[in-house]
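The values are calculated or read from the model by the stated rules, or taken from the named source; none is laboratory data. Model, not experiment: these values are computed from the prediction. No Cβ is skipped: glycine too gets one built from the backbone with ideal geometry, and neighbour counts run over all protein chains shown.
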Amino acid sequence: MTLLHTIWLIAITAEAMTGAIMGMRRGMDLFGICLVGTVTALGGGSVRDVLLGHYPLVWIEHPEYLTFTIGAAIVTAYAAKLVQRLRQAFLLVDALGLVAFTVIGCNIGLEMGTHPSIAVLAGVITGVFGGLLRDVLCNEVPLVLTSELYATVALITGALYVGLISLGVSIQPASLIALSSGFLLRVLALKYKWHLPRFIDANPSE
Amino acid sequence: MTLLHTIWLIAITAEAMTGAIMGMRRGMDLFGICLVGTVTALGGGSVRDVLLGHYPLVWIEHPEYLTFTIGAAIVTAYAAKLVQRLRQAFLLVDALGLVAFTVIGCNIGLEMGTHPSIAVLAGVITGVFGGLLRDVLCNEVPLVLTSELYATVALITGALYVGLISLGVSIQPASLIALSSGFLLRVLALKYKWHLPRFIDANPSE
Amino acid sequence: MTLLHTIWLIAITAEAMTGAIMGMRRGMDLFGICLVGTVTALGGGSVRDVLLGHYPLVWIEHPEYLTFTIGAAIVTAYAAKLVQRLRQAFLLVDALGLVAFTVIGCNIGLEMGTHPSIAVLAGVITGVFGGLLRDVLCNEVPLVLTSELYATVALITGALYVGLISLGVSIQPASLIALSSGFLLRVLALKYKWHLPRFIDANPSE
C-alpha cells in the first residue's frame, strides 16, 4: 500500500494547488486560499468519512497531512505564474490523484463491510467531492458536474477495483489495474475532449 | 408503516426528478444530473442523520434506494419534455413527499429520544434540506428559503405529528392526520399563493 | 466557565442577527431568515462536532439555545432599521463572539484529546464556519475568505489559548488572555483595515 500512499500525498498536494488557484481568482486572502486548498484536497475523504460514520477523520488523526495542503496553497499563492506554466503536468497529477482517491475510498468502504455498490460510491465521493466543495465555496456551479468526464472516471475506476476485489483478486494487482485503467481513461478523455451527454433544457419556461 | 414507506419511495423518485430538471438547466452532464437528483432526494435525510449521529445512513444500509433516484434522474434526462408536461401532477407528488419526509424525520428524532422540539426539527430538516442542497449545488439562493411556504408546511406537519404522539395518539392515526393536514395546507398554499412575510431590506447600504 | 458561557449566549444572538440581515437582503421569508440566522450562529460548532465525531451536538442536547437564535432572527426581521443603526456595537459583539467561539472550540478539541494543532483548528472552524455557511446559503463567495482579518484572529486566538494550556496555564487565565488579545487584535484590524495579502490572479486565462 506504500505506493498508493505516496500517490495520495502527491495527489493532495496537487489538489490543494487547484483549490488555491481557484481561491486566488475569487480574490481570497492567504487564509482563504489555504482553506480552499485544504478543503479541495481533504474534503472528499472527509465527506466520505462523515457519511459512513468512519471516525476519526484522516487529517484529525494525522494533522501532519495539513502541512502538505497548507504548504502547497502558500507556495501556489507566491509562485502562481510558475504553477500556471506547469498546467499540463498538473492535469496528469490531478488525474493520478483522482484515481488514487477513488481506490483509497473504495478500500475504506470495503473495510467497513458496506455493500459493493456503496464501496464504489465511497470511492466516487472521495474522488469528486473535494472539487465539488471547492466550487461551492468559490460560488460556482461545480465543474465536475458539468463539463468534465471526471466523475465518470472515478465511477469506472471504483467499479473496476471493487469488481476485481469481489472476484478474489488481491489488493496489490487490483489497485494497479484500476489505477492504470482509470488514469489512461482520464488522459484519453482530456486529449479527445470526451464528455457525457448533456441535456440543456430546450424549454426553460416554468 | 407500509403506507408511509410507499409514499416515501414515490417521494424520493419525485424529488430526484426535480433535482434532475434543475441540473439539466445548469448544463450538467448525465453524472451531474444523477448526483443532483440523488442529493435532492436523499440529502435531507442524510443531513438529519449526520446531525443526530444516526448511523448508518438509510441509503448506505439500503443501496437499492439509489436505483430509484438514479433511475428517476436518467428517465428525466431523456424524457424531459414529458416530465415538464406533468408539472401539475409533480407539485402534488412533491407536496406528498414533503409531508412524508417530515413525518419520517420526526419519527427518527422521537426514536432517538430527543426533545420534542428537536424531533420536529429533525422532520423539518428531512423535508427541506434536500431542496436546499440542490439549490446550493446549482448555485442558487435556496428556493425553500425565499419564495415558498414549503418549510412552513414541514414545520406545521412536524409539530402536529409530534404533538399528537406526545398526547398519546398512536403512530398510525397521528401519521394520517399530520400527512393529510400538511398536504392540504401545501395544496392550498400553492393554489392561493400564500407565503410568509418577507423583509426586503429598505436600506441595503452597508 | 460561566463568563465564557455568557459571552457565548451573547455571541450566538449577535451572529444570528448578522445571518438574519444577510437573509433579508436575499429576499428570504421569515423561515429562511430564522434558518440562516440559526445556521450562522450554530453552524460553526455543528461542523466542528460532525468532523470530530463529537455527539450529541450542542443545540440537539440543549434545544433552548435555538430560542435565542430564532428569537434574534425574528427581532431583526421586524426591527431591521434599528439593528442597522447599531452597526458599530454589532461589530464589537461580533468580535467578542468570534474569540469566544474560538476558545470554546479549542476546549472541545483539547477535551477529546486531539493533537494541539487540531484543537486550534477546531477553534478556527467554530469561529469561522458559521459565517461561511451563511454566505454559501446566500450564494456569496464567503466574506471570511476574502476581505477580513476574521479567520486570522481566530487562528491567533486559538494558537495562543492552546499554547498557554500546553504550557500548564489553567483554563481561566488562559481564556482571559486569549479572549482579550484576540478581541484587541480584531478591533485594531477593523479600525486600521488590516488584511492578509491577496493574490489576484494576473493571468486569469485558462
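Here B:V93 does not qualify as modelled with pLDDT of 85 or more and either of a type in the set (S, T, Y) or within 16 Å of the chain's Cα centre (by Cα) (or both). Scanning segment B:71-113 for residues that are buried (at least 22 other Cβ atoms within 10 Å of the Cβ) and not small (G, A, S) returns B:T76, B:L98, B:V99, B:F101, B:T102, B:V103, B:I104, B:C106, B:N107. For segment C:191-206, the set of residues classified as more than 7 Å from every other protein chain (Cβ to nearest Cβ) and either modelled with pLDDT of 50 or more or surrounded by 16 or more Cβ atoms within 10 Å (Cβ to Cβ) (or both) consists of C:K191, C:Y192, C:K193, C:W194, listed by residue number.
Take the residues in segment C:104-146 that are among the charged types (D, E, K, R) and in contact with a helix residue (DSSP H, G or I) (Cβ under 7 Å, 6 or more places away or on another chain), then tell me which one is farthest from C:Q172 (Cα to Cα). Taking the candidates together, the pick is C:D135. Does B:I74 count as within 29 Å of A:G113 (Cα to Cα), in contact with a helix residue (DSSP H, G or I) (Cβ under 9 Å, 6 or more places away or on another chain) and away from chain A (no Cβ under 11 Å)? So B:I74 fails the test. Do the conditions hold for B:I118, that is, is it modelled with pLDDT of 90 or more, among the aliphatic types (A, V, I, L, M) and under 12 Å from the mean Cα position of the chain (by Cα)? In short, no. On the given criteria, is A:L51 surrounded by fewer than 18 Cβ atoms within 10 Å (Cβ to Cβ) and either more than 10 Å from chain C (Cβ to nearest Cβ) or within 16 Å of the chain's Cα centre (by Cα) (or both)? Answer is no for this residue. Note on segment B:135-187: residues that are closer than 30 Å to B:F31 by Cβ and of a type in the set (V, I, T) total 4.
For first residues located in segment A:74-98 and within 30 Å of A:I156 (Cα to Cα), partners that are part of a helix (DSSP H, G or I) and of a type in the set (K, R) and lie 6+ apart or on another chain with Cβ distances below 6 Å form the pairs A:A95/A:R186. Screening segment A:129-174 for residues that are under 16 Å from the mean Cα position of the chain (by Cα) and among the polar types (S, T, N, Q) and picking the one that is farthest from the other protein chains (Cβ to nearest Cβ) gives A:T157. Looking at B:A122, B:A95, just one residue is among the aliphatic types (A, V, I, L, M) and farther than 24 Å from C:Y55 by Cα, and that residue is B:A95.
Just so you know, in segment A:100-126 the residues that are at the interface with chain B (Cβ under 10 Å from one of its Cβ atoms) and touching a Ser or Thr at 6+ places or on another chain (Cβ under 8 Å) include one that is farthest from B:L35 (Cα to Cα), and it is A:P116.
Does B:T102 count as in a helix (DSSP H, G or I) and closer than 29 Å to C:R48 by Cα? Walk me through how you get there before you give the answer.
On the way: in a helix (DSSP H, G or I): yes; closer than 29 Å to C:R48 by Cα: yes.
Answer is yes for this residue.
Within the option set A:T2, A:T38, A:T67, being under 26 Å from A:S180 (Cβ atoms) and polar (S, T, N, Q) holds for one residue only, A:T2. Residue pairs whose Cβ atoms lie under 6 Å apart, sitting 6 or more positions apart in sequence or on different chains, and linking a residue in segment A:10-22 that is within 19 Å of A:Y78 (Cβ to Cβ) and in contact (Cβ under 8 Å) with a residue 40 or more places away in the chain to a partner that is of a type in the set (F, W, Y) and outside any helix (DSSP H, G or I), do not occur here. Summed over segment B:131-144, residues that are assigned to a helix (DSSP H, G or I), of a type outside the set (A, V, I, L, M, F, W, C) and surrounded by 24 or more Cβ atoms within 10 Å (Cβ to Cβ) total 2.
Give B:S170, B:S175 a once-over and let me know the one that is within 21 Å of B:A95 (Cβ to Cβ), modelled with pLDDT under 95 and of a type in the set (S, T, Y).
Numbers: B:S170 fails: within 21 Å of B:A95 (Cβ to Cβ).
One residue alone meets the criteria, B:S175.
Kindly establish whether C:V128 is part of a helix (DSSP H, G or I) and over 24 Å from C:L3 (Cα atoms). The answer is no for C:V128.
Looking at B:V187, is it surrounded by 19 or more Cβ atoms within 10 Å (Cβ to Cβ), among the β-branched types (V, I, T) and in contact (Cβ under 8 Å) with a residue 40 or more places away in the chain? Can you show your working first?
Working: surrounded by 19 or more Cβ atoms within 10 Å (Cβ to Cβ): no; among the β-branched types (V, I, T): yes; in contact (Cβ under 8 Å) with a residue 40 or more places away in the chain: yes.
No, not satisfied.
Let me confirm something: among B:T40, B:T13, B:T67, which residue is within 14 Å of chain A (Cβ to nearest Cβ), of a type outside the set (F, W, Y) and crowded, with 16+ Cβ neighbours inside 10 Å? Going through B:T40, B:T13, B:T67 in turn, the sole match is B:T40.
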